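A quick write-up on the structure given underneath.
The values are calculated or read from the model by the stated rules, or taken from the named source; none is laboratory data. Just so it is clear, the structure is predicted and the values come from calculations on it, not from any experiment. No Cβ is skipped: glycine too gets one built from the backbone with ideal geometry, and neighbour counts run over all protein chains shown.
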Amino acid sequence: MASLVCLDHATILRGGEIALRDFSWTVQEGETWAITGPTGSGKTTLAEVLLGRHHVASGTVRWPFVERLRAAGRSVAWPSEVTHHVTFREESHLFSYTRHYYQQRFNFIEAQDDLTLAEFLRSGTGAADEEIGAAATQLGLGELLGLSLIKLSNGQTRRARIARALLSKPELLILDEPFMGLDTSSREDVIAIVGELIREGTRVLLITQSPGIPEWVTHVLELDRLTARWHGPHQQWRLRSEEWGVRRSTFPSHSPLPTPHSSQPVVELRNVNVSHGGRRILRDISWTVRAGERWAVLGPNGSGKTTLLSLLCGDHPQAYSNDVRLFGRRRGSGESIWEIKRNIGLVSPELHLYFTEPLTAARTAATGFFDVLAWRPTTAEQDAIVAELFDHFGITGLAERPFARLSTGEQRLVLFIRALVKAPPLLILDEPFQAFDAATIERGRKWLDRRLCPDQTLLFVTHEPSELPRSVDRRLRLEDGRVVELA
């Protein structure tokens, strides 16, 4: 059987540090591998190695499939020319978050700065309009082709990137956490779509957390501490995992924190409506959240959750045309956006996308004291808070590393800590555990259950009910911009 990729005792450097040591791995034609492992184990680094982006300090890395393309007359200088790596962040000549600011996704965009979904799918793929329409429809984006890419939700943007990758017809498709941020239905749709592509001959490598590895995966590579903990057939890996016990989905029991009785409202929404481009996004939303309550905010992709939270955080301009009250004050009554944010701690997939400042991990977390995405001087007390949280979550060794060089999961953990540092009265966690391994999720749940003060309010957004802290005992569920459950 012909080989696709071969690493032979390879030691890989990333940013001058060893990312993989004495690593050997071969992918054969016809095999579909899932690459898994804990946060920071090197999954994304390995994907970048396959693109030819990191220095090989010793050993060898070969791409036999590229060699065969060259022998057949294809002009291929680098593996990245025929390999498409789909990550959670789009950074290219087409679109870069460094050219936009966070609130811009809710505001008017100048025509020269705009990029519609249709334009994004068309550029660089050579696809005809019919192909673009079919790919968008296949991934549930058919009605959004005229919408600005920047205005898509996290899950919609991820599906858009997969659609564009498919339209480019790559020789090798690397999907990096493609199910992250997708609701159950969308996840099942993407799994089915990718499975069909594999049956049609597309070469696919999948990077994902271990729960729910699709059936079409033939082999599993599990990374841990710079090397391979396991590599072999999927079925054998599954049996091995069952023998060891499914630690990834087990969580300890905690007693919920008591909720103060008759506490003051923190959030009050009265018949709130939000529209954009003639499309209704929120419809007659009425909701009251009191101090110390713990809420799950649920709903499928595109149901309006992100827009709802943007009203609370002071980022959406239509808050001024609605009856939105925070901490007893109606929006538009003279308060500044900084007065609003002073009382809120936030982490979200969208915030992650826009965090592009060249800071260390510790300095990134410390920006949470000031509600900005840039460096600010801190006090010794503030530095001690950041250090204590880094120690609690086991990432003290990352404190002085550049944030940009961390793995996706490590970056998400730093931003989770950023939301906690100032002990805000209102904590908004929008899919906070994306890209976390099971141990880190467990640690995050325990912290929220045990360390939040009784009068701190929590809004927790997730597509995975198992991620919810035990202290969360209330639910708001949205569908198509409407409240369908309030309990």
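At-a-glance table
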| item | result |
| --- | --- |
| Any hit, the range 468-486, residues being aliphatic (A, V, I, L, M), in the same structural domain as L309 (by TED's automatic domain parsing), more than 16 Å from G40 (Cα to Cα) and part of a loop (DSSP other than H, G, I, E, B) | yes |
| Every pair of residues 6+ apart whose Cβ atoms lie under 7 Å, when the first sits in the range 293-313 and is part of a loop (DSSP other than H, G, I, E, B) while the second is of a type in the set (S, T, Y) | E293/T259; E293/T457; P300/S185; N301/S153; N301/S186; G302/S153 |
| Within the range 124-144, considering residues that are in a loop (DSSP other than H, G, I, E, B) and within 24 Å of the chain's Cα centre (by Cα), the one modelled with the highest pLDDT | L141 |
| Search result, residues across the range 330-341 that are of a type in the set (K, R) and either surrounded by fewer than 14 Cβ atoms within 10 Å (Cβ to Cβ) or part of a helix (DSSP H, G or I) (or both) | K341 |
| Residues of the range 154-197 satisfying the condition of being assigned to a loop (DSSP other than H, G, I, E, B) and within 14 Å of the chain's Cα centre (by Cα) | E177, P178, F179, M180, G181, L182, D183 |
| Candidate set from the range 433-447 (those that are surrounded by fewer than 20 Cβ atoms within 10 Å (Cβ to Cβ) and under 13 Å from I417 (Cβ atoms)); member that is nearest to the chain's Cα centre (by Cα) | R443 |
| Residues satisfying the stated conditions in the range 447-467, i.e. under 16 Å from A296 (Cα atoms), out of contact with any Phe, Trp or Tyr (no Cβ under 7 Å at 6 or more places or on another chain) and assigned to a helix (DSSP H, G or I) | L448, D449, P465, S466 |
| Among (1) part of a helix (DSSP H, G or I); (2) more than 21 Å from F416 (Cβ to Cβ) - the single one L351 does not satisfy | (2) |
| Filter result for the condition that a residue is modelled with pLDDT under 95 and either on the phi < 0 side of the Ramachandran plot or in a helix (DSSP H, G or I) (or both), over Q434, Q382 | Q434 |
| First in the range 143-160 and over 14 Å from S348 (Cβ atoms), second anywhere and among the charged types (D, E, K, R) and surrounded by fewer than 20 Cβ atoms within 10 Å (Cβ to Cβ), Cβ under 7 Å, 6 or more apart | S148/D114 |
| Hits in the range 6-31 (condition: among the β-branched types (V, I, T) and either under 29 Å from L413 (Cα atoms) or outside the structural domain of V86 (by TED's automatic domain parsing) (or both)) | T11, I12, I18 |
| First in the range 167-189 and closer than 17 Å to V204 by Cα, second anywhere and of a type in the set (D, E, K, R) and surrounded by fewer than 19 Cβ atoms within 10 Å (Cβ to Cβ), Cβ under 6 Å, 6 or more apart | none |
| A47 being at pLDDT 95 or above, crowded, with 18+ Cβ neighbours inside 10 Å and of a type in the set (G, A, S) | no |
| Close pairs (7 angstrom Cβ cut-off, 6 or more residues apart or separate chains): farther than 20 Å from T83 by Cα and outside the structural domain of V82 (by TED's automatic domain parsing) in the range 119-131, surrounded by fewer than 18 Cβ atoms within 10 Å (Cβ to Cβ) and aromatic (F, W, Y) anywhere | none |
